[in-house]
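The values are calculated or read from the model by the stated rules, or taken from the named source; none is laboratory data. Just so it is clear, the structure is predicted and the values come from calculations on it, not from any experiment. Glycine also receives a Cβ, built like all others from the backbone with ideal geometry; neighbour counts cover every protein chain displayed.
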Protein chains: 2
Amino acid sequence: MHLSEKTLSRNIIYEGKVFTAALDSVELEDGSTASRELVLHPGGAGILPVDDEGNITLVRQFRAGAGCVLTEICAGKLEKGENPETCALRELSEELGLKAGRVIPLGFMEATPAYDSERTYIYLALELSQGQSHPDEGEFIDIVKMPFEKALKAVYDGTLTDGKTQLALLKAERILRGKA
Amino acid sequence: MHLSEKTLSRNIIYEGKVFTAALDSVELEDGSTASRELVLHPGGAGILPVDDEGNITLVRQFRAGAGCVLTEICAGKLEKGENPETCALRELSEELGLKAGRVIPLGFMEATPAYDSERTYIYLALELSQGQSHPDEGEFIDIVKMPFEKALKAVYDGTLTDGKTQLALLKAERILRGKA
């Protein structure tokens, strides 16, 4: 079938806690075969909390993949069978101690679909109430609060580089300005 | 140092053509150690061509990571030492046969920075001229032309799911409307 690929075999190279690496053999539409290096990941969810004064809360942490400290929306990996919104609200509570009275889905992104199955769901959290945060052990994060407009400017000037964070801010803008 | 991680050792698990998988041992800021599963990737570049009539050109292809056909901006992996803009223009020519009289950088995104080093650079291509495309062998792609506004709507309604494609369209909108 046009544009389809059929998996002929899968060789699991590595099975970790974060991802599984695999090497597939696939049949292309012209009958030829090719190999596909794959990263299999359960997916993630991130959430942007915006308070009634128009301030947002982000987290700063060292990211081993990027090899540097990044400022991002709070996010985490989906647990087995977990609903993405449940995951996002769990992270919001654990990392920031926030509860949301209203949650608006902002879609999802395929992070790097050529070889990685990770799909990252994004949410906007409104009508916030503050509780106690309780980050995972061994998780060192700083909490950063700033006006929404300042963060949006940081997307455009290239200071905020994380993909899901940029998308969350750009998509939230339309909703917060009442254009959606 | 606060928020930093120091790499103590690296164990290469797999070295492929697309990515390398590694398992690092790192020292955290409190002196404890942790392991980090990593995908090392050279990075990529994607480009959104917009013609003088406000039409854009995207590509549709099967994506092994996502496991489905996706519609995306034309993009590719950086060759060793390659400048991201050079890569984007190479892909624009190879996949779409287009040359750009004007290229505007739209920043980059960390695709999934917790474990993957891939950084994807994004560009807007204007003042286009059409030549002959010459896709790589074994690369089956469909070329899709549509009005910019239709694609932007597809970002908001969740039809266009690729991260770099969503970011390219949202960031290009601001430039095309003269807000930047």
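Before moving on, here are some points about what is shown:
- The set of residues in region B:122-171 being among the small types (Gly, Ala, Ser), farther than 19 Å from A:Ala111 by Cα and touching a residue at least 24 places away in the same chain (Cβ under 8 Å) consists of B:Ala125, B:Ser129, B:Gly131, B:Ser133.
- Candidates A:Thr120, A:Thr165, A:Thr161, filtered to the one that is within 10 Å of another protein chain (Cβ to nearest Cβ), surrounded by 15 or more Cβ atoms within 10 Å (Cβ to Cβ) and touching a helix residue (DSSP H, G or I) at 6+ places or on another chain (Cβ under 7 Å): A:Thr120
- Residue match in region A:23-35 (condition: at negative phi, touching a Lys or Arg at 6+ places or on another chain (Cβ under 6 Å), at the interface with another protein chain (Cβ under 9 Å from one of its Cβ atoms) and charged (D, E, K, R)): yes
- Which numbered condition A:Glu79 misses (of (1) in contact with a Cys (Cβ under 9 Å, 6 or more places away or on another chain); (2) part of a strand (DSSP E or B); (3) farther than 28 Å from B:Pro42 by Cα): (2)
- Residue list for region A:141-151, filter: surrounded by fewer than 18 Cβ atoms within 10 Å (Cβ to Cβ), more than 8 Å from chain B (Cβ to nearest Cβ) and not β-branched (Val, Ile, Thr): A:Lys145, A:Met146, A:Pro147, A:Glu149, A:Lys150
- Contacts under 8 angstrom Cβ, first residue in region B:96-115 being more than 7 Å from every other protein chain (Cβ to nearest Cβ), partner among the charged types (D, E, K, R), 6 or more apart: B:Ala100/B:Glu127; B:Gly101/B:Glu127; B:Arg102/B:Glu127; B:Val103/B:Glu85; B:Pro105/B:Glu85; B:Leu106/B:Lys171
- Candidates B:Pro105, B:Pro135, filtered to the one that is part of a strand (DSSP E or B) and either assigned by TED's automatic domain parsing to the domain that holds B:Val18 or surrounded by fewer than 19 Cβ atoms within 10 Å (Cβ to Cβ) (or both): B:Pro105
- Filter result (of a type in the set (Asp, Glu) and either without any contact (Cβ under 8 Å) to a residue 12 or more places away in the chain or not in a loop (DSSP other than H, G, I, E, B) (or both)) within region B:1-51: B:Glu15, B:Asp24, B:Glu27, B:Asp30, B:Glu37
- Residue in region A:75-98 that is among the charged types (D, E, K, R), touching a Leu at 6+ places or on another chain (Cβ under 8 Å) and modelled with pLDDT of 95 or more present: no
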